[in-house]
Amino acid sequence: MAGSALRRLMAEYKQLTLNPPEGIIAGPVNEENFFEWEALITGPEGTCFEGGVFPAKLVFPPDYPLSPPKMQFTCEMFHPNIYSDGRVCISILHAPGDDPMGYESSAERWSPVQSVEKILLSVVSMLAEPNDESGANVDAAKMWRENRDEFNKIAQRIVRRTLGIPN
């Protein structure tokens, strides 16, 4: 299984290299291990994350693309759909099948037709439009709903840190 996963990841990397999505750079940490990638995601324009450059890692299972990768930001993040340790919580990264909590349809969850590019674009969309209904970070979700100005201030502090600018 790992052989077909490796071939798929190599093909996806080639595609991302030839036609990179705007504001996203991603690829294997090194060429000896295609199952661990690093990514840099630029904060979407017109959002409180605009101007930031957010590093993340993706770890792919041996049975990829049958199972989704795990994704985690490696910098500080404050967002309703990102756990405090940086793990990303969005439908596309959830295993195929029905959602036991009833928040997601099976069509929103992972399927083998998805790709690394689709994941990364979904994360950019998530940064721009959080889902505060099923927050991974309850404090961030509550602040997003109830005190957007304070949320934006925290996000801007994080943006400055990702750029190495002191607060």
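Just so it is clear, none of the values below were taken in a lab; they were calculated from the coordinates. Please read these numbers as outputs of a predicted model, since none were measured by experiment. Glycine gets a Cβ as well: all are built from the backbone with ideal geometry, and neighbour counts include every protein chain shown.
A full extension of the chain between residue 70 and residue 32 corresponds to an added length of 11.8 nm, given 0.36 nm per residue minus the alpha carbon distance.
With the charge dipole of the chain set up from +1 on Lys and Arg Cβ and -1 on Asp and Glu Cβ about the Cα centre, the Cα lying farthest toward the positive end among the listed residues 122, 143, 25 is that of 25.
Exposed loop sites here are GluC sites (Glu not before Pro) assigned a DSSP state other than H, G, I, E or B and surrounded by at most 10 other beta carbons within 10 Å; excluding them, the longest clear run of the chain is 33-132.
Within the same chain, aspartates and glutamates fewer than 8 places from residue 118 are excluded, and of the rest, those with a Cα less than 13 Å from its Cα are 12, 22, 108. Helix 2-18 versus the longest principal axis of the chain: what angle, 0 to 90°, nearest 10, using Cα atoms? Computed tilt is about 60 degrees. Rounded to the nearest 10 degrees, the angle from helix 148-162 to the longest Cα principal axis of the chain is 60 degrees. For the stretch 1-141, a crude dipole built from +1 on the beta carbon of Lys and Arg and -1 on the beta carbon of Asp and Glu, taken about the Cα centre, is about 500 debye to the nearest 20. Using a Förster radius of 35 Å, what is the FRET efficiency between residue 10 and residue 149 based on their Cβ-Cβ separation? Nearest 0.05, please. Efficiency computed from Cβ-Cβ geometry: 0.15. Give the shape of the stretch 2-162 as rounded, prolate or oblate, defined through the alpha-carbon gyration tensor: a ≥ b ≥ c are the square roots of its eigenvalues, a/c under 1.5 means rounded, and otherwise the shape is prolate if a/b is larger than b/c and oblate if not. Taking the square roots of the gyration eigenvalues as a ≥ b ≥ c, the stretch 2-162 is oblate.
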